[in-house]
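Below is one structure, written out as structure tokens; comments come after it.
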Amino acid sequence: MAQFEEVSQKSKLHPKPEGLKLQYGTAGFRTHAKHLDHIMFRMGLLATLRSKKTKSTIGVMVTASHNPEEDNGVKLIDPMGEMVTAVWEEYATQLANAEQDSLLKALRDVIEKEDISMSEPASVYIGKDTRPSSVSLSQAVLDGVSSLGGKTHDYGLVTTPQLHYMVCCCNTNGCYGSPTVEGYYQKLSQAFLQLTQNAPNRTDDQKKLLVDGANGIGALKMREMEPFLRSELQVVLSNDGSSGKLNHLCGADYVKVQQKAPQGVSMTAGERGCSFDGDADRIVYYYTDSKGRFHLLDGDKIATLISTYLKELLTQAGLNLQIAVVQTAYANGSSTRYLEDVMKVTVCCTKTGVKHLHHAAQEYDIGVYFEANGHGTVLFSKAAQKQILELVTDPNTNDEKKRAVKILENTVNLINQTVGDAISDMLVIEAVLAIRGMSVQDWDAVYTDLPNRQLKVTVSDRRVIDTTDAERRAVTPEGLQEAIDSLVKKYKNARSFVRPSGTEDVVRVYAEADTQESADNLAHEVSLAVYRLAGGVGDEPKPLQ
Ligand SMILES: CC(=O)N[C@H]1[C@@H](OP(=O)(O)O)O[C@H](CO)[C@@H](O)[C@@H]1O
Ligand SMILES: [Mg+2]
């Protein structure tokens with residue numbers, strides 16, 4: 001077959017290092033950039049097949065998000081802008097690991113299993129982050145697509161959520177928006193400007209926001225978008241990539257894990273700041289109080305703020321829609337308690353990884369999902385969107401209801417429903433604070449986080465730990481869960497769980513309790529239990545200082 005002749009020829013330009021095995025993990029392939037050229041070419045091939053199969057445009061994003069600059073990675077995007085489905089993750093791994101001489105066989109296997117008609121046309125959208133290696137790696141993706149006769153549109157430098165958005169716009173024939181970066185800025189900024197009209201008396205101080213761009217793509221795109229916001233948001237951008245290194249001592253992951261402000265951001269007391277990660281699909285907020293203490297507002301605080309706001313609007317609009325918040329086991333216990341007991345919203349817990357949260361959120365009229373690390377968005381069901389639109393145009397709606405439902409409509413337009421999006425989430429948070437007249441301190445005071453600690457333990461094979469109940473309980477190895485249970489009993493308001501990481505070769509330990517000292521001690525004791533019962537390697541975990 002002529003098509004395969006070209007694959008065969010071109011694949012020689014992107015050879016697989018013999019014996020190298022990589023896996024499509026929680027967030028696609030991710031490793032040192034030097035190992036990825038063949039992976040990119042093959043993901044170009046796979047995206048082309050996926051496009052033929054679904055008769056839709058598929059996205060391929062070249063990025064390694066919050067990883068160090070030397071790394072890179074790739075994620076595939078399905079037709080509605082969601083993460084690629086699990087079965088195709090398997091194919092991705094098979095194709096990635098086929099040795100050079102069995103690549104065509106691996107390709108034919110997928111075609112056969114999925115019964116793909118090779119005469120279908122194919123279309124693939126491609127984007128990349130600012131890593132130096134992204135230039136040649138995205139070229140390898142383009143080569144893969146063209147060698148199977150697929151059409152490509154190379155968006156060049158875009159954030160991950162922007163590419164998800166483009167794919168969704170394309171496959172909905174423009175219903176979701178226009179598939180251009182300009183179209184994205186226009187849709188979001190128009191919704192934001194409409195929303196801020198509900199808060200006409202904001203001062204320049206209130207409009208000011210410090211943004212840490214993680215020296216990555218988010219910074220570039222924030223600069224591009226700024227004029228569209230017409231000073232309704234006054235962004236002070238740092239770590240804009242002009243001098244610092246990507247994700248180095250800055251960005252959302254650094255701030256969340258270290259629980260301190262990024263370097264290069266100078267905040268006066270009470271000013272609010274936020275950090276994006278390296279591909280701008282995560283965001284966390286923070287401020288420093290008058291005593292110089294740093295306060296983090298993470299994904300849990302964001303989910304609480306947004307769901308409270310939506311619930312209030314639904315009541316004002318007289319709409320009977322069910323709202324739920326989807327979290328993972330890492331959600332702070334105080335947030336879960338507040339949402340269930342005070343807000344009376346449904347809270348559901350899934351396994352770690354955005355695809356799990358996204359699927360769970362699709363089950364509700366309105367599903368708000370956030371990982372504690374700041375990755376999340378809101379999904380509105382088709383029926384919910386229809387009800388909102390009908391009420392906007394209903395001549396019998398009174399003024400109060402009309403105001404609420406107009407705000408809801410603009411909020412729907414401001415949210416990137418395809419995936420967590422730092423820029424979109426930031427604008428939603430800014431709009432909510434403005435409309436509700438809240439400062440960042442008011443927001444922080446809604447509930448107080450339980451002190452918590454996350455640790456990592458290295459074991460010889462992390463797969464010996466199997467979990468259940470959305471990863472909150474360990475089933476194996478024997479005795480581990482009992483050990484955790486009896487340690488937890490020693491502390492007040494305590495909770496702890498362990499799970500094998502899906503992105504690193506470690507076991508993660510999480511503990512929370514009434515004081516930082518208790519959380520630290522509990523996390524340490526549970527780490528010791530993991531080390532002893534699950535085959536720890538290296539030195540025994542030491543107590544925290
Ligand atoms: C505790 C934690 O933050 N885990 C992260 C991390 O997964 P692990 O499976 O824990 O390594 O990376 C995932 C992909 O970016 C992200 O979805 C998840 O939230
Ligand atoms: Mg990311």
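The values are calculated or read from the model by the stated rules, or taken from the named source; none is laboratory data. These figures come from a predicted structure and were not determined experimentally. When we count neighbours, we look across all protein chains shown, and the Cβ atoms used for this are built from the backbone with ideal geometry, even at glycine. What goes into the accessible areas is simple: the full protein's heavy atoms, side chains included, and nothing from ligands, DNA or RNA. Shrake-Rupley method; radii C 1.70, N 1.55, O 1.52, S 1.80 Å.
I'm trying to understand the selection: among the residues of the stretch 93-103, which are part of a helix (DSSP H, G or I) and out of contact with any helix residue (DSSP H, G or I) (no Cβ under 6 Å at 6 or more places or on another chain)? Talk me through it step by step, then tell me what you get.
Taking the stretch 93-103 as the starting set, the residues that turn out to be part of a helix (DSSP H, G or I) are 93-97, 100-103.
The answer is THR93, ASN97, GLN100, ASP101, SER102.
In the stretch 161-178, what residues are closer than 20 Å to THR54 by Cβ and outside any loop (DSSP other than H, G, I, E, B)?
LEU163, HIS164, TYR165, MET166, VAL167, CYS168, CYS169, CYS170, ASN171
Would it be correct to say that LEU142 is over 30 Å from GLN9 (Cα atoms) and not charged (D, E, K, R)?
Considered against the rule, which asks whether it is over 30 Å from GLN9 (Cα atoms) and not charged (D, E, K, R), LEU142 comes out as no.
Might you check whether a residue that is of a type in the set (S, T, N, Q), within 16 Å of ligand 2 (Cβ to nearest atom) and over 18 Å from VAL284 (Cα atoms) occurs anywhere in the stretch 397-415? Steps first, answer last, please.
First pass over the stretch 397-415, keeping only residues of a type in the set (S, T, N, Q): 397-398, 410-411, 413.
Next cut, within 16 Å of ligand 2 (Cβ to nearest atom) only: none.
No, there is no match, as no residue in the stretch 397-415 is of a type in the set (S, T, N, Q), within 16 Å of ligand 2 (Cβ to nearest atom) and over 18 Å from VAL284 (Cα atoms).
Which ranges mark the strands (runs of 3 or more DSSP E) fully within the stretch 378-481 that have 1 or more residues being in contact (Cβ under 8 Å) with a residue 40 or more places away in the chain and closer than 20 Å to ALA252 by Cα? Outline the logic, then answer.
Values: elements: 452-457, 466-468, 473-476.
Answer list for the stretch 378-481: 452-457.
Here is a yes/no grid of residues against (1) under 16 Å from ILE429 (Cβ atoms); (2) acidic (Asp, Glu); (3) under 19 Å from the mean Cα position of the chain (by Cα):
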| site | (1), (2), (3) |
| --- | --- |
| ALA252 | yes, no, yes |
| PRO262 | no, no, no |
| THR268 | no, no, no |
| PHE276 | yes, no, yes |
| ASP281 | yes, yes, yes |
| VAL284 | yes, no, yes |
| ASP289 | no, yes, no |
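Six or more apart or on different chains, Cβ under 6 Å: which pairs go from a residue in the stretch 100-116 that's farther than 19 Å from LYS21 by Cα to one that's at pLDDT 95 or above and not acidic (Asp, Glu)? Could you list them?
Here the result reads GLU114/LYS53; ILE116/LEU49; ILE116/LYS52; ILE116/LYS53, each pair linking the stretch 100-116 to a residue that is at pLDDT 95 or above and not acidic (Asp, Glu).
Taking only pairs six or more apart or across chains, which ones have beta-carbon atoms under 6 Å, a first residue in the stretch 260-278 that is among the aromatic types (Phe, Trp, Tyr), and a second residue that is in a loop (DSSP other than H, G, I, E, B)?
From the stretch 260-278, the pairs are PHE276/GLY213; PHE276/ALA214.
Within the stretch 47-57, does at least one residue satisfy the condition of being touching a residue at least 40 places away in the same chain (Cβ under 8 Å), more than 16 Å from ligand 1 (Cβ to nearest atom) and under 23 Å from the mean Cα position of the chain (by Cα)? Lay out the reasoning, then the answer.
Narrowing the stretch 47-57 to residues touching a residue at least 40 places away in the same chain (Cβ under 8 Å): 47-49, 51-53, 55-57.
Restricting the remaining residues to those that are more than 16 Å from ligand 1 (Cβ to nearest atom) gives 47-49, 51-53, 55-57.
Remaining after also requiring under 23 Å from the mean Cα position of the chain (by Cα): 47, 57.
Yes, some residue in the stretch 47-57 is touching a residue at least 40 places away in the same chain (Cβ under 8 Å), more than 16 Å from ligand 1 (Cβ to nearest atom) and under 23 Å from the mean Cα position of the chain (by Cα).
Can you tell me which residue in the stretch 240-283 is nearest to ligand 2 (Cβ to nearest atom), limited to those that are of a type in the set (S, T, N, Q), in a loop (DSSP other than H, G, I, E, B) and under 20 Å from ILE217 (Cβ atoms)? Steps first, answer last, please.
Taking the stretch 240-283 and keeping what is of a type in the set (S, T, N, Q), we get 242-243, 247, 258-259, 263, 266, 268, 275.
Narrowing further to those that are in a loop (DSSP other than H, G, I, E, B): 242-243, 247, 259, 263, 266, 268.
Still in the list and also under 20 Å from ILE217 (Cβ atoms): 242-243, 247, 263.
Details: SER242: 21, SER243: 22, ASN247: 10, GLN263: 19 Å.
The residue in question is ASN247.
Of a type in the set (Asp, Glu), open to solvent by 10 Å² or more (accessible area, probe 1.4 Å) and under 26 Å from LYS221 (Cβ atoms): is that true of GLU409 in this structure?
On the way: of a type in the set (Asp, Glu): yes; open to solvent by 10 Å² or more (accessible area, probe 1.4 Å): yes; under 26 Å from LYS221 (Cβ atoms): yes.
Spelling it out, GLU409 is indeed of a type in the set (Asp, Glu), open to solvent by 10 Å² or more (accessible area, probe 1.4 Å) and under 26 Å from LYS221 (Cβ atoms).
Six or more apart or on different chains, Cβ under 9 Å: which pairs go from a residue in the stretch 128-140 that's closer than 13 Å to GLU69 by Cβ and among the hydroxyl-bearing types (Ser, Thr, Tyr) to one that's open to solvent by 10 Å² or more (accessible area, probe 1.4 Å) and assigned to a helix (DSSP H, G or I)? Could you list them?
Pairs found: THR130/LEU220; SER133/ALA33; SER133/LYS34; SER134/ALA33.
Go through the residues of the stretch 347-369 one by one and say whether even a single one is among the aliphatic types (A, V, I, L, M), part of a loop (DSSP other than H, G, I, E, B) and open to solvent by less than 10 Å² (accessible area, probe 1.4 Å). If you could, list the steps in order and put the result at the bottom.
Narrowing the stretch 347-369 to residues among the aliphatic types (A, V, I, L, M): 347, 354, 357, 360-361, 366, 368.
After this cut, where a residue has to be part of a loop (DSSP other than H, G, I, E, B) as well, the list is none.
Within the stretch 347-369, not a single residue is among the aliphatic types (A, V, I, L, M), part of a loop (DSSP other than H, G, I, E, B) and open to solvent by less than 10 Å² (accessible area, probe 1.4 Å).
Output the residues belonging to the stretch 367-384 that are more than 14 Å from LEU297 (Cβ to Cβ), touching an Asp or Glu at 6+ places or on another chain (Cβ under 7 Å) and within 16 Å of ligand 1 (Cβ to nearest atom).
Residues satisfying the conditions are HIS375, THR377.
Provide a single number: the residues in the stretch 474-515 that are within 16 Å of ligand 1 (Cβ to nearest atom) and either modelled with pLDDT under 95 or not small (Gly, Ala, Ser) (or both). Steps first, answer last, please.
Step one: list which residues in the stretch 474-515 are within 16 Å of ligand 1 (Cβ to nearest atom), which gives 474, 495-512.
Now restrict to residues that are either modelled with pLDDT under 95 or not small (Gly, Ala, Ser) (or both): 495, 497-510, 512.
Count: 16.
Mind listing just one residue for me: the one in the stretch 216-248 that is more than 20 Å from the chain's Cα centre (by Cα) and among the hydrophobic types (A, V, I, L, M, F, W, C) and, of those, surrounded by the most Cβ atoms within 10 Å (Cβ to Cβ)?
LEU233
Consider VAL506 carefully, then state whether it is open to solvent by 10 Å² or more (accessible area, probe 1.4 Å), among the β-branched types (Val, Ile, Thr), under 25 Å from the mean Cα position of the chain (by Cα) and closer than 30 Å to LEU163 by Cβ.
Details: open to solvent by 10 Å² or more (accessible area, probe 1.4 Å): yes; among the β-branched types (Val, Ile, Thr): yes; under 25 Å from the mean Cα position of the chain (by Cα): yes; closer than 30 Å to LEU163 by Cβ: yes.
Against the criterion (open to solvent by 10 Å² or more (accessible area, probe 1.4 Å), among the β-branched types (Val, Ile, Thr), under 25 Å from the mean Cα position of the chain (by Cα) and closer than 30 Å to LEU163 by Cβ), VAL506 qualifies.
Taking the criterion of being among the aromatic types (Phe, Trp, Tyr) and over 22 Å from LYS128 (Cβ atoms), would at least one residue in the stretch 181-188 satisfy it? Break it down stepwise before answering.
Kept after step one, since they are among the aromatic types (Phe, Trp, Tyr), are these residues of the stretch 181-188: 184-185.
Restricting the remaining residues to those that are over 22 Å from LYS128 (Cβ atoms) gives none.
No, that holds for no residue.
State the number of residues belonging to the stretch 482-528 that are among the hydrophobic types (A, V, I, L, M, F, W, C), assigned to a helix (DSSP H, G or I) and more than 25 Å from SER334 (Cβ to Cβ). Full working, then the answer.
Kept after step one, since they are among the hydrophobic types (A, V, I, L, M, F, W, C), are these residues of the stretch 482-528: 483-484, 487-488, 494, 497-498, 506-507, 509, 511, 513, 519, 522-523, 526, 528.
Next, from what is left, pick out any that are assigned to a helix (DSSP H, G or I): 483-484, 487-488, 519, 522-523, 526, 528.
After this cut, where a residue has to be more than 25 Å from SER334 (Cβ to Cβ) as well, the list is 483, 528.
Selection size over the stretch 482-528: 2.
Which members of the stretch 79-129 meet the condition of being open to solvent by 50 Å² or more (accessible area, probe 1.4 Å) and of a type in the set (Ser, Thr, Tyr)?
THR85, SER117, SER119
Filter the stretch 284-342 down to the residues that are part of a strand (DSSP E or B), out of contact with any Ser or Thr (no Cβ under 6 Å at 6 or more places or on another chain), of a type in the set (S, T, N, Q) and open to solvent by less than 20 Å² (accessible area, probe 1.4 Å) and list them by number.
Once the filter is applied, which keeps residues that are part of a strand (DSSP E or B), out of contact with any Ser or Thr (no Cβ under 6 Å at 6 or more places or on another chain), of a type in the set (S, T, N, Q) and open to solvent by less than 20 Å² (accessible area, probe 1.4 Å), the stretch 284-342 yields only GLN327.
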